[in-house]
1. Which numbered condition in (1) part of a strand (DSSP E or B); (2) of a type in the set (A, V, I, L, M, F, W, C); (3) touching a helix residue (DSSP H, G or I) at 6+ places or on another chain (Cβ under 6 Å) is the only one that residue 286 fails?
2. If I go through segment 263-283 residue by residue, how many of them are touching a residue at least 24 places away in the same chain (Cβ under 8 Å), outside any helix (DSSP H, G or I) and not hydroxyl-bearing (Ser, Thr, Tyr)?
3. Looking at segment 87-111, which of its residues are in contact (Cβ under 8 Å) with a residue 24 or more places away in the chain and either assigned by TED's automatic domain parsing to the domain that holds residue 8 or under 21 Å from residue 206 (Cα atoms) (or both)?
4. Checking residue 122 against (1) acidic (Asp, Glu); (2) over 26 Å from residue 183 (Cα atoms); (3) in contact with a Lys or Arg (Cβ under 6 Å, 6 or more places away or on another chain), only one condition comes out false. Which one?
5. Quick one: would you say residue 307 is in contact with a His (Cβ under 7 Å, 6 or more places away or on another chain) and hydrophobic (A, V, I, L, M, F, W, C)?
6. Which of the residues spanning segment 234-249 are in contact with a strand residue (DSSP E or B) (Cβ under 6 Å, 6 or more places away or on another chain), surrounded by 23 or more Cβ atoms within 10 Å (Cβ to Cβ) and not aliphatic (A, V, I, L, M)?
7. Just to check your reading of the model, which residue among 120, 130 is closer than 19 Å to residue 389 by Cβ and not in a helix (DSSP H, G or I)?
8. Residues of segment 8-39 being of a type in the set (D, E, K, R), surrounded by 13 or more Cβ atoms within 10 Å (Cβ to Cβ) and either within 27 Å of residue 380 (Cα to Cα) or modelled with pLDDT under 95 (or both), which ones?
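The values are calculated or read from the model by the stated rules, or taken from the named source; none is laboratory data. All figures in this text were calculated on a predicted structure; none of them were measured in a lab. Positions of Cβ are backbone-derived with ideal geometry, glycine not excepted, and every protein chain shown enters the neighbour counts.
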Amino acid sequence: MSNTDYPVLKLKKNEDRRIRNGHLWIYSNEIDTSATPLKDFEPGQMCQLTDSANKALGYAYINPNTLIAARLIKRGTDGEPSRSFLKKKFRAALALREQFYAERCYRLIFGEADGLPGLVVDRFYDVLVVQLSTAGMEMMKQDVIEMLDAVFEPSSILLRNDASSRKAEGLDSYIESVKGNVPEVARLSENGVLFDALIMKGQKTGWFYDQAMNRQRFMQYAKGKRVLDVFSYIGGWGISAAVAGATESFCVDASEKALDAVHHNAELNNVADKVASIQGNAFDVLKDLRTANEKFDLIVVDPPAFIKKKKDYKTGSQAYKRINQAAMQLLNPDGYLVSCSCSHHMPRTDLVKKTNEAARHIDRSMQIIEWGGQGPDHPINPVMPETEYLKAVFSRIQRI
């Protein structure tokens, strides 16, 4: 297909500035709809993006039915976003990961931050778990699968296309094995700790690689400590602490299936005698533990995003304050708290503010020891704050 075979999507005057600065999203109100009406495009269709003077900026795929109407996938005009282009991007992503990870267990493709909007791939040695979250990437599905196979030669590939964000793109939800016999669980190694991730039926892709470096730091705090892992999922923090020498590690989650996996993973690492689980709503469990006068030396609070949209900020920020306050009330004097947020709309300064408010409300002082964020397999596009979302605050909580 030649350049002229792609329909043109034209921007309004001065609306090319963000794109030229490195951003990849084009909003519907930035498009010159008199020159290039959105109704003329199909969801997922590839187009050539131009500025108001008709100068080509690159290639984008479009969805006329969403606020983010188009996403740039290739800059310039030196060739279309072909299979060879995908192969080149995949190899560039691999080179970054190989620089930092000895084991082939990491987020292999992180969407916009790797220049591939709408595509996430997690790697579990020879198993790839893929998420296509946009209509444009769904249209590229076959090329993506074939190029992943060509570059990485996995034993199996699973499509976990069941994220709620697909609904806004007008896409169906499905889980599909597209190569090999995909297992129910996939083995991974993180910081020397083994886990079997629930790739078929677990959360997201089955694991949260973004916290790997923070869990590595956490392990340095754990020796000799009584540990509480709140919102544990399958035990990433709690089991890591047990392996690092914690005397006891308690994992709290609402999912029975996740806690079954906690015990399986504890056995996998020969720490089953140190790991216990508590099923229930985290807020309720922390209240019950306080009533029972339970105390811990090290607590991690790693909830799902309490602030999914900007309009949820007020309610969500209060939830962060409440859960951290409940955790502090369970700490022994001078105990350590790791407070996390994966909400993009919750800046680190705000997380610190709410956590400190919680401390002051119960006459505690918060002494920040170190900061944590997402690892190098979750790189950040400096002009797309959406790609920087994970915060972890390591602090000592002292009584006044």
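1. (1)
2. Number of matching residues: 9.
3. Keep residues of segment 87-111 that are in contact (Cβ under 8 Å) with a residue 24 or more places away in the chain, which gives 87, 89-91, 94, 96-97, 99-101, 103, 105-108, 110-111.
Residues satisfying the conditions are 94, 97, 101, 103, 105, 106, 107, 108, 110, 111.
4. Failing condition for residue 122: (2).
5. Numbers: in contact with a His (Cβ under 7 Å, 6 or more places away or on another chain): yes; hydrophobic (A, V, I, L, M, F, W, C): yes.
Yes.
6. Within segment 234-249, 235, 237, 238, 240, 249 qualify.
7. Working: 130 fails: closer than 19 Å to residue 389 by Cβ.
Testing whether each residue is closer than 19 Å to residue 389 by Cβ and not in a helix (DSSP H, G or I) leaves just 120.
8. Applying the first criterion (of a type in the set (D, E, K, R)) to segment 8-39 yields 10, 12-13, 15-18, 20, 30, 32, 39.
Among the residues that remain, those that are also surrounded by 13 or more Cβ atoms within 10 Å (Cβ to Cβ) are: 10, 12, 15-16, 18, 30, 32.
Once the filter is applied, which keeps residues that are of a type in the set (D, E, K, R), surrounded by 13 or more Cβ atoms within 10 Å (Cβ to Cβ) and either within 27 Å of residue 380 (Cα to Cα) or modelled with pLDDT under 95 (or both), segment 8-39 yields 15, 16, 18, 30.
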